[in-house]
1. On a 0 to 90 degree scale, rounded to 10, what angle separates helix 18-27 from the longest Cα axis of the chain?
2. Report the one residue of Tyr188, Leu157, Asn94 whose Cα lies farthest in the direction of the positive end of the charge dipole of the chain (charges on C-beta: Lys and Arg +1, Asp and Glu -1; origin at the Cα centre).
3. Find the centroid of the Cα atoms in the stretch 159-217 and in the stretch 3-38, then give the distance between the two in whole Å.
4. Would you mind calculating the relative contact order of the stretch 12-154 from Cα pairs under 8 angstrom and at least 6 residues apart, reporting the percent as a whole number?
5. Considering amide H positions built from the backbone, and no H for Pro or chain starts, which residues 5 or more places from Val165, or on another chain, come under 5 Å of its amide H?
6. For the stretch 40-79, with only Lys/Arg (+1) and Asp/Glu (-1) charged at the beta-carbon, what is the dipole magnitude about the Cα centre, in debye rounded to 20?
7. Between rounded, prolate and oblate, where does the stretch 10-169 land on the alpha carbon gyration tensor, with a ≥ b ≥ c its root eigenvalues, rounded for a/c under 1.5, else prolate if a/b exceeds b/c?
8. Any chance you could count the Lys pairs in the chain whose alpha carbons are under 26 Å apart, treating pairs 8 or more apart or on different chains as valid?
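What follows draws every value from the coordinates through simple rules; no lab data is involved. Just so it is clear, the structure is predicted and the values come from calculations on it, not from any experiment. Here Cβ is always computed from backbone atoms with ideal geometry, including for glycine, and neighbour counts include all displayed protein chains.
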Amino acid sequence: IGVIFYNIPIRGASEYKPRTMIELAKRHENIIAVKEASGGDATISSAKETRRLAREAGFDKYRFKIISGDDDKTFPLMSDPEMEGVGVISVYSNILPHAYAQLAELLYAGRLDEAREMNEILAPLNGIVGWTGYDDRTGMDDTFRNPIPVKTAAHILGMIEAPQVRSPLYTLPRAGYEEVGRRLAMVYGKAPEWFDPVKKSFHSNVGDRLAPYRNAA
């Protein structure tokens with residue numbers, strides 16, 4: 001069974017160092033990739049060091065793959081030859097899977113201008129994958145990014161009946177809910193056809209659902 005490291009320190013409470021991953025990949029052929037989501041600039045620096053060490057070990061980008069784990073890092077990871085990313089394990093592909101698949105395919109084919117245009121349209125969503133804030137139910141602040149904006153987006157679009165989540169996650173406050181709606185409206189305004197599968201599969205009038213947020217966008 002192929003093994004992919006999930007390098008997400010904010011969730012796993014520890015970090016996979018590039019040297020550790022490559023040393024383990026040398027010893028175990030079924031270790032084939034890393035989902036790189038160290039967060040912010042650390043994602044880029046970790047990916048670059050991992051690729052450098054992988055090359056030293058004689059691994060090409062297919063023997064040890066670097067896969068983006070942050071939607072907003074897909075473009076740089078896949079377009080920069082220092083990292084040679086090969087794809088993304090995406091968050092917002094739960095909402096627009098075909099759009100994120102197309103972005104990855106364009107990048108993989110080296111069609112950077114087209115990919116850059118898509119990436120700019122998706123940027124509002126990529127910028128709100130997580131939410132950190134105060135939970136009224138528990139009276140505590142989150143110490144990690146809560147991925148609830150994605151479920152909120154699904155609720156706004158009519159894909160699910162309710163946006164609630166189980167503890168220790170918490171439902172977005174109204175301001176966060178409206179921010180997700182505003183960002184969805186921004187994407188819809190530039191690429192409404194991306195939402196056609198949502199309309200068809202969930203019998204949802206996406207335009208009407210996003211109308212309250214479009215003026216704010």
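1. Once rounded, the angle reads 60 degrees.
2. Value computed over the given set: Asn94.
3. Centre-to-centre (Cα) distance: 34 Å.
4. RCO, the stretch 12-154: 17 percent.
5. Residues meeting the amide H criterion: Thr171.
6. With Lys and Arg at +1 and Asp and Glu at -1, about 280 debye.
7. Oblate.
8. The number of close lysine pairs in the chain is 27.
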